[in-house]
1. Of the chymotrypsin sites (Phe, Trp or Tyr not before Pro) in the range 125-189, which ones lie in a loop per DSSP and count no more than 14 other C-beta atoms within 10 Å?
2. Measuring from centroid to centroid over Cα atoms, what is the spacing of the range 473-500 and the range 422-461 in Å?
3. Separation between the residue 24 and residue 159 pseudo-spin-labels, each 7 Å from Cα along Cα→Cβ, expressed in nm?
4. Calculate, in nm to one decimal, what residue 316 and residue 298 gain on full extension: separation in residues at 0.36 nm each, minus their alpha carbon distance.
5. Say each of residue 239 and residue 423 gets a label point 7 Å from the Cα, pointing the same way as Cα to Cβ; how far apart are those two points in nm?
6. How large is ³J(HN,Hα), in whole Hz, for each residue of the range 175-184 in order, when computed from phi with the Karplus curve 6.51 cos²θ - 1.76 cosθ + 1.60 and θ = phi - 60°, using x for Gly and Pro?
7. Could you please rank 312, 432, 533, placing first whichever residue has the fewest other Cβ atoms within 10 Å of its Cβ?
8. Can you list the HN-Hα couplings for the range 351-362, worked out from phi with the Karplus curve (6.51, -1.76, 1.60; θ = phi - 60°), rounded to whole Hz and with x for Gly and Pro?
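No value in this document is a laboratory result; all are computed from the given coordinates. Since the model is a prediction, treat every value here as computed from it, not as a measurement. When we count neighbours, we look across all protein chains shown, and the Cβ atoms used for this are built from the backbone with ideal geometry, even at glycine.
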Amino acid sequence: MFTALLLFTQLVITQFVAQPSNLTTKRGYAGINVRYKQVPAGICEQNPNVRSFSGFADVSENEHIFWWFFEARNVDPTTAPLTIWINGGPGSSSMIGLFQELGPCGVNIEGNVYDNPYSWSNVSNMIFIDQPTTTGFSYSIPIPGFQDSSTNEIVALPNATCPDYADTTTCGTYNVYNTSLTANSTVAAAPNFYLTLQAFTGAFPQYSSNGIFFATESYGGHYAPIFTRYILEQNELNTTGTAFIDLRAVLVGNGWFNPILQYQAYYNFTSNYSTRLHQGGNTYGLHYNASIDAYVFNNMYGAHNCLDQLLDCNTYPYATNASDGTGNQVCSAADSWCYNQVELPYDNVLGRDEYDIRYLTPDPFPYSFYVDYLNRADVQSAIGAFTNFTQGSSITSTAFSGTGDDARETGVTAAVEYILDHNVTFVMYFGDADFNCNWFGGEAFSKTLTNTGTYNNGSAGFANITTTDGITHGQVKTAGKFSFVRIFEAGHEVPFYQPLVSLEMLNRTIQGYDIATGTTPLTSDYFTKGPVDSTYINGNATVTYEVLPMNATYNTTTNQPNPPYDVASERNNDDGTSSFSSGGKLLTRLHHAKLDFMKAKAKEAELGVPWSSSKRVVQKKGRHMLFEESGRRKKQDHGHVWKQEM
């Protein structure tokens, strides 16, 4: 028996997973086998006439990439386009996007599945891919194990029998801890993503006959440019046995594009003092006081501090591994320093959710009840799972941390320009309440692109986005096939907060029309007219000043929680959607809150910055500590306590 540092992302009741034996096998393009099964109606998609499949692309002997596909609802699936969705992390499962944001279903507090009327599958075939290996349901080598309560590590077991000394609720099937069986950088992850597309489109050619669209978020700001460039380059190589991937557009939500710009945006977003800023910081009026502002400013711009370290990092190439690569060590150290000294003070001082600054932590939105649902034996059997489900992979995040990938620009700027040069539409969209990958950093990145035509020469401006409800949910600045979108009153996972405008944005992109109105075909000389900067001030009307209960529900019409918060019933919102609330015990979330409280207090002492409230708890959703939802990435190198994924 051996111990491996494989860690839970959430404390859930698990079980040993019965290995599926009823999967159908097909050979895809590039010689990649696909194993799959049809998923029964009701597991997610509620309409029995809309088919769903889940399975694996066997990209190597010990690398099996999980995917879950849904036919288009309102379009003939054999003539509909195919939209690919991946979450970020690195190591964040795309089940986050499926169940929390834009898939056909969600899961309520009672564990019941409900329909999402704004699913992106309304207008497109959808495939959600867990990548790289060990992310979500993707697996390398499944092993039986249990969680050691004293270390929160997974202890491997000799067989699928839970011993007396183990916590029976944590005995289950997990990936063997081996970082060589996953990617350790964005560049390294690209080939297997490409092979997964080759596998699926070869096994199911009828679902991608009308073009392919690629959507992602968060660390997708790294993934999407590099993956897309790789796909386009492979198309040009035209290797025997592969198929042309007809990629027509890329959409990235709240992306982490250039860390040099994004780390500076952490200061800009929370400062009300710097003359460099438009708006004087974020548009919700949630800023640092003068002393904290000065503290963070020095940490960002002082000699040998964050900016200098990031610039130094980005002079080095990747090395083969972290142990012999000076550049990897420099970049990993820079990212750790910048996180602790520039990003983390936000959590410790303001006590607000990095992924939606309108809410104090712990933030109940978006809902995470689907995690327990995906660890039910009947659900795992229905989708052909080989392992239990975790929202984020500590194996993958550790591998990426070793190369300092998060701190590297990694060729993202050149890749976006390459994509635009190849006539592929590129859309950057940002929820303006997100701090983690905030729109200030995204807009700064957009201004560095050199081939966006009128976008950066003062001609193009921000125009309001008109939608079918007659409400302005955001603004867009477009030049040719490049668009930057700011979505109002939305956090990191935009489709959860603003589902209508998100769906219409996708549909207009698919149809080749402008995002602003959906009526004008995109041409090389098209550009939106309006002010050069987006100057809308949200104010604090939707900002909360008390911690919400974990059973709170969100109203996408009012952009606020639904009162009251303790009604144990399903109810219909004004917009026709259903909300669920219950007074039931949420032991998992409370357990997380307690653990993160202890972590945050430890970091407070390390940083020497004041604690803001006796009620506040740090709730990290993806970057650094993968707590519950999606996120950019997790820190794995701040000492053992930080290696626990929540």
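1. Counting only loop positions with at most 14 other Cβ atoms within 10 Å, the chymotrypsin sites (Phe, Trp or Tyr not before Pro) in the range 125-189 are 165.
2. So the two Cα centres are separated by 11 Å.
3. Result for the modelled spin labels: 3.6 nm.
4. Values: separation 18, 0.36 × 18 = 6.48 nm, distance 2.47 nm.
Going from the current span to full extension adds 4.0 nm.
5. 2.6
6. Working through the residues one at a time gives 6, 4, 7, 8, 6, 6, 9, 9, 6, 10 Hz.
7. Working: 312 16, 432 25, 533 13.
Placing the least packed residue first, the sequence is 533, 312, 432.
8. With the stated coefficients, the range 351-362 comes to x, 10, 5, 4, 8, 6, 5, 6, 10, 6, 8, x Hz.
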